[in-house]
Amino acid sequence: MPVYPACEFPLLSDSQAIDRVQNAVADGEPFSLIRLGDGEAVLLSFGEDMWLQDLAYLHSHWGAERVRLRDVGQVKQDLEKAVQGADVVGIRDDLVNTTLPPDLLQRSATEVRDTVISATRIRQEEVENLKAIGARRLALLHQVLRTIEWSENQQFCSAWIHWELLATGALNRILDEVNEVGLVTSRPELGELVARRFNVRTSTVIVPDKHVVVPGPGEHVPDRFRNIRSELDFPAGTLVLVGAGIPGKVYCQWLKESGCVALDVGSIFDAWVGRASRPMVLKSRFNITEGDRVPSDLQIHVPTSYGGRRLIPRWKPSNLAD
């Protein structure tokens, strides 16, 4: 039986989730925070009903010449373990407390899109740009979330918690308090930037960027994925920030198993270096007209002073805001 049949997840407030992260870092106990989006839903839905577009989607992320089914199946199994093992899971709060027809994915593309728009609270910017395949992935995500057998000890928060950590200055404060931080990222320049900005020792494990963003010979899955576990050898208790796409959720679990505090911060790494990889989030949350630039306050190579200032999110549903 589904634990949350209508996606009625009891979300921590942003401040509660941030407190949970800060306490985990301070305690240095094994911990994993991951976030689930439509990409993870595609992988978790892998099976005989998987569409060719889904395999193409994974290829666009992973960069393999062809996505072999056995590789997809292996990463899916590892992702399932990561979901079950996470202490805090970020959920798209615009899908919380919403109901979609059980047979929606068997309906026409137009009906799937119209239903997702009408039955959920997705941002206006997303409504305006939502294509049928994107709507289907959101429906997949809703289906996956309500059918997972969640542990009673797991907690949930907004899937945009990483932006809250960044915009409130909480992530900066956390990094100001640690002596060492690990980075799992496609951005090799971050090691030096983070070390200089926060006066910490950094250790960096590099993964390929999304193939659709940076085409190249490197394959995240299966090549890099198979070898990276042995490189995640940070000392127990180390804070490790992970921005590695769908496989990054698995890395968070492996890091937790080795005694680390793993935070899935995703596109925050892009924001730190001024790359606007999430234009709709930037547009809706920070009132950036086209979403094609990152506010200087969020970039670590620009001197910042938060001084209690808070960049208020405009896109959060009022009933879920702090």
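Taking the Cα centre of the chain as origin, sum charge times position over the Cβ atoms of Lys and Arg (+1) and Asp and Glu (-1), and report the length of that vector in debye to the nearest 20.
Working: 36 positive and 43 negative charges, 122 e Å.
Here the chain has a charge dipole of around 580 debye.
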Problem set entry | Within-13-Å neighbourhood charge of Gln106 [Cβ basis; K, R +1; D, E -1] | -1
Problem set entry | Dipole of the chain, positive end: most advanced residue of Leu193, Val144, Gln253 [Cβ charges, Cα centre] | Leu193
For this session: Within the set of other residues whose C-beta is less than 12 Å from the C-beta of Ala82, count the net charge using Lys and Arg as +1 and Asp and Glu as -1.
Result: -1
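Taking the Cβ of each residue in Thr98, Thr238 as the centre, tally the other Cβ atoms inside 10 Å and list the residues starting with the fewest. Don't skip to the end; give the middle numbers.
Values: Thr98 17, Thr238 22.
The fewest-first ordering by Cβ neighbours comes to Thr98, Thr238.
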Problem set entry | Anisotropy class of the stretch 1-149 from Cα gyration tensor, a/c 1.5 cut | oblate
For this session: May I ask for the percentage of alpha-carbon pairs in the stretch 3-63 that lie more than 15 Å from each other?
Result: 68 percent
Exercise. From the Cα gyration tensor of the stretch 83-134, with a ≥ b ≥ c the square roots of its eigenvalues, which class applies: rounded if a/c is under 1.5, or else prolate if a/b is larger than b/c, or else oblate?
Worked result: prolate
Problem set entry | Lysine-lysine proximity count for the chain, Cα under 21 Å, sequence distance 8 or more or distinct chains | 9
For this session: Specify the residue with the greatest mean-square fluctuation among Asp297, Asp49, Asp94, computed from a Gaussian network of the chain linking alpha-carbon atoms under 10 Å apart.
Result: Asp49
Exercise. Arranged by the count of other C-beta atoms within 10 angstrom, fewest first, what order do Cys260, Cys7 take?
Worked result: Cys7, Cys260
Exercise. If you count, for each residue, the other Cβ atoms within 10 Å and average over each peptide, how do 104-111, 250-257, 171-178, 281-288 line up from highest to lowest?
Worked result: 250-257, 281-288, 171-178, 104-111
For this session: Between the alpha-carbon centers of the stretch 146-164 and the stretch 176-197, tell me the distance in whole angstrom.
Result: 26 Å
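Consider all pairwise Cα distances in the chain and report the whole-number % of them above 37 Å. Show your work: numbers first, answer last.
On the way: 5467 of 51681 pairs.
In whole percent, the long-distance tail amounts to 11.
Bear in mind these aren't lab numbers, they're just calculated from the coordinates by the rules spelled out. Note that the coordinates shown come from a computational prediction; the quantities given were computed from them, not determined experimentally. Cβ: placed from backbone, ideal geometry, glycine included. Neighbour counts: every protein chain shown.
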